[in-house]
Protein chains: 2
Amino acid sequence: MQQQISVITLGVADLSRSRRFYCDGFGWKPVFENREIVFYQMNGLMLGTSLASALETDMQRTGLARPGAFALAHNVPTREAVQPTLDRLSRCGGRILRPADAPPHGGFRGYVADPDEHAWEIAWNPAWPISPEGYVTFSP
Amino acid sequence: MQQQISVITLGVADLSRSRRFYCDGFGWKPVFENREIVFYQMNGLMLGTSLASALETDMQRTGLARPGAFALAHNVPTREAVQPTLDRLSRCGGRILRPADAPPHGGFRGYVADPDEHAWEIAWNPAWPISPEGYVTFSP
């Protein structure tokens with residue numbers, strides 16, 4: 001079966017608060033939005049921020065918890081861009097979890113939580129090639 | 001800033017139990033694995049399954065909860081493939097949350113939880129084009 005993820009949907013409490021983090025912090029533009037969900041066109045997949053109540057209804061499951069046991073990563077082109085990106089996200093409703101430093105496996109990274117406690121790693125990883133379209137390829 | 005997600009990392013309790021779901025259930029092949037993490041090369045990004053304890057250490061944050069307030073989606077090429085995919089994932093350590101049916105916005109989908117309670121939507125969505133490489137483009 002194709003190794004494929006079509007959508008990542010994050011459950012959020014307040015769409016406009018979340019929108020500020022993604023639009024002003026990351027500088028991303030939505031491709032669609034209504035009263036329940038905002039979609040962003042990403043590198044070959046969609047990111048959705050959905051009211052958590054709507055997500056619970058759709059998956060017929062209650063009790064979704066935050067922070068969840070997962071992290072998303074966004075790569076930046078230089079080591080020098082990592083901390084300023086964390087700082088800007090922090091000014092747009094985020095909260096820094098780990099200031100940028102060098103992990104044991106190389107590169108440079110820090111973590112910031114979005115307004116709904118979803119964790120983003122902001123990383124500079126010179127080992128993994130990224131195409132002009134943003135497609136990431138594994139490299140050991 | 002580039003609208004780009006480089007990695008989705010899921011925190012898991014048992015790498016081999018998780019591996020069975022992704023390798024036998026989805027039929028995916030890891031591109032890298034060690035004692036802490038398994039990486040899968042996806043459509044322009046990486047999926048990582050990491051020991052939750054290692055993820056907590058890396059993000060300097062404890063108390064990650066499951067199920068988290070998020071869902072991942074995997075698209076299949078036909079309506080008829082949705083329920084059998086859910087069933088196969090269920091036989092490989094998953095648990096069906098919602099059997100396949102038609103959502104109000106069209107298409108066909110169901111939800112299955114992986115062995116660590118991470119939710120996957122298995123969807124047939126004829127509205128969103130998917131390239132041969134698995135890249136998804138939004139379409140209203």
Residues in region A:24-33: is at least one touching a Lys or Arg at 6+ places or on another chain (Cβ under 8 Å) and at the interface with chain B (Cβ under 8 Å from one of its Cβ atoms)? no
Name the pairs whose Cβ atoms lie under 6 Å apart, with the first residue in region A:2-14 and over 23 Å from B:G27 (Cβ atoms) and facing chain B (nearest Cβ under 7 Å), the second open to solvent by 40 Å² or more (accessible area, probe 1.4 Å) and part of a strand (DSSP E or B), and 6 or more positions between them or separate chains? none
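Of all residues in region A:84-126 being aliphatic (A, V, I, L, M) and more than 11 Å from every other protein chain (Cβ to nearest Cβ), which is farthest from the chain's Cα centre (by Cα)? Before the answer, list the steps.
Filtering region A:84-126 down to residues aliphatic (A, V, I, L, M) leaves A:86, A:89, A:96-97, A:100, A:102, A:112-113, A:119, A:122-123.
This time we only want the ones that are more than 11 Å from every other protein chain (Cβ to nearest Cβ), so: A:86, A:100, A:102.
Numbers: A:L86: 12, A:A100: 16, A:A102: 20 Å.
Ranking the candidates gives A:A102 first.
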Go over the candidates A:P129, A:P99 one by one and state the one that is more than 22 Å from A:Y22 (Cα to Cα), free of Cβ contacts under 8 Å to residues at least 60 places away in the same chain and open to solvent by 50 Å² or more (accessible area, probe 1.4 Å). A:P129
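The values are calculated or read from the model by the stated rules, or taken from the named source; none is laboratory data. Quantities reported herein were computed from a predicted structural model and do not represent experimental measurements. A quick note on method: Cβ atoms are made from the backbone with ideal geometry, for glycine too, and the neighbour counts reach across all protein chains shown. Note: areas computed on protein heavy atoms with side chains; ligands, DNA, RNA excluded. Shrake-Rupley method; radii C 1.70, N 1.55, O 1.52, S 1.80 Å.
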